[in-house]
Amino acid sequence: MAYKDILSAPFVTEMRDTCANMYRLGWDERNGGNISYLLDEKQVGEYLDLDRVVREIPFMGVNASAFDAKALAGKIFIVTGTGKYFKNVHGDPENNLGIVRIKKDGKAAELLWGYKDGGRFTSEFPAHMMSHMARLNVDPENRVVMHSHPTHLLAMNYVHELDEKKLTHTLWEMCTECIVVFPDGVGVLPWMLCGTDDIGIATADKMKDFRVVVWALHGVYGAGKNMDECFGLIETVEKAAQIYMLTSHMKRINTITDEDMLKLVDLFKVKCRTDFLNLK
Ligand code: 13P
Ligand code: ZN
């Protein structure tokens, strides 16, 4: 059977464009950030021979990992490589990206394409896979998990309390549509060692309730149905953080009230974390 050119696959294009976009926004310096995108097996089969495994990649690697991804066995993801620069993904996708299938035993993945220079998936693979498992339980349509270091959100981490209710509430106040875009609010993890199973378990636990999880003094995780939705989510949180950083040192004389927020929730028919509001 003749396979189509993998570089023409829409999911490869999306990864290339998104990484370039995130790099251009300054969110992903050097090798900062990583993306995993759950693909449709039938669609991948149009581009790759699914019986041809290039090599196996155990989860153990950059950091020893004992996590079990059995729940994702057989699922295929395109994932950014560890140590790879978002800046370079667009020009050299075959070295900087990989397409992997989770093995039956849930302890390793089969490389179907990419990581050409012998590389492997992001060191945050446990956090990504555990987050996929958590989100798929809540929303079977969830396909994308994205980690990034957005500048203003990171800056805000140093000057704003990292309490989930207080942080969410401040972000909701910063742009009218914030409460509509992330009505479930923003989860927060304390500073933890990245690239470990522990941070993966903690992230996935937060992902049961939130689609955005802040890693204190490090960055953010987002999850969504598709690349646009996931990117848009982080973009909106980052925009709110930017407004906060532009205004927090000045006297605030106007604000969006909680009553206004409720009107938005009502109009857009979303369910928000009302316990994150200060209703009288
Ligand atoms: P990787 O290069 O392993 O993807 O790590 C980047 C990062 O942002 C770690 O949190
Ligand atoms: Zn990071």
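Every number in this text was worked out from the coordinates using simple rules, so none of it is lab data. In this text, all values refer to a predicted model and were calculated from it rather than measured experimentally. Using ideal geometry, Cβ is built from the backbone for each residue, glycine included, and neighbour counts are taken over all protein chains shown.
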query: Cα-based Rg of segment 137-197 per 2.2 N^0.38 Å, rounded to two decimals?
result: 1.28
message: Using a Cα-Cα cut-off of under 19 Å, which aspartates and glutamates could be cross-linked to residue 263, ignoring same-chain neighbours fewer than 8 residues away?
response: 173, 177, 184, 275
- prompt: Taking only C-alpha pairs under 8 Å that are 6+ residues apart, what is the relative contact order of the chain in percent?
  reply: 19 percent
- request: Give the cross-link partners of residue 107 among the lysines, using a straight C-alpha distance below 19 Å as the criterion and excluding same-chain residues fewer than 8 apart.
  value: 70, 75
- prompt: Per-residue ellipticity at 222 nm for the chain, helices alone: DSSP H runs ≥ 4 residues times -39500 (n - 2.57), over residue total, nearest 500 deg cm²/dmol?
  reply: -11000 deg cm²/dmol
query: Near the amide H of residue 188, under 5 Å away, which other amide H atoms are found, from residues 5 or more places off or on another chain, if H is placed in the peptide plane?
result: 214
query: Full extension from residue 56 to residue 158: what is 0.36 nm times the residue separation minus their Cα-Cα distance, to one decimal in nm?
result: 32.7 nm
task: Could you line up 193, 264 from fewest to most neighbouring Cβ atoms inside 10 Å?
output: 193, 264
- prompt: What is the extension gain from residue 7 to residue 251, computed as 0.36 nm multiplied by their sequence separation minus the C-alpha to C-alpha distance, in nm to one decimal?
  reply: 82.7 nm
- prompt: So what's the convex hull volume per residue for the Cα atoms of the chain, in Å³?
  reply: 124 Å³
field: Global form of segment 36-143, assessed from the alpha-carbon gyration tensor, a/c cut-off 1.5
entry: rounded
query: What FRET efficiency would be calculated for the residue pair residue 226, residue 205, taking the C-beta separation as r and a Förster radius of 22 Å, to the nearest 0.05?
result: 0.40
query: Among the listed pairs 42/87; 165/225; 103/208, which are separated by more than 27 Å between their Cα atoms?
result: 42/87
- request: Please arrange 6, 102, 256 by counting, for each residue, the other beta carbons lying within 10 Å of its beta carbon, fewest first.
  value: 256, 6, 102
message: To make sure I understand the rule: partners must be lysines, Cα under 19 Å from the Cα of residue 166, and not fewer than 8 residues away in the same chain. Which ones qualify?
response: 206, 239, 251, 271, 280
- prompt: So which GluC sites (Glu not before Pro) in segment 177-255 end up in coil per DSSP with only 14 or fewer other C-beta atoms within 10 Å?
  reply: 177
statement: Between the modelled labels at residue 139 and residue 216 (7 Å from Cα along Cα→Cβ) the distance in nm is 2.7 nm
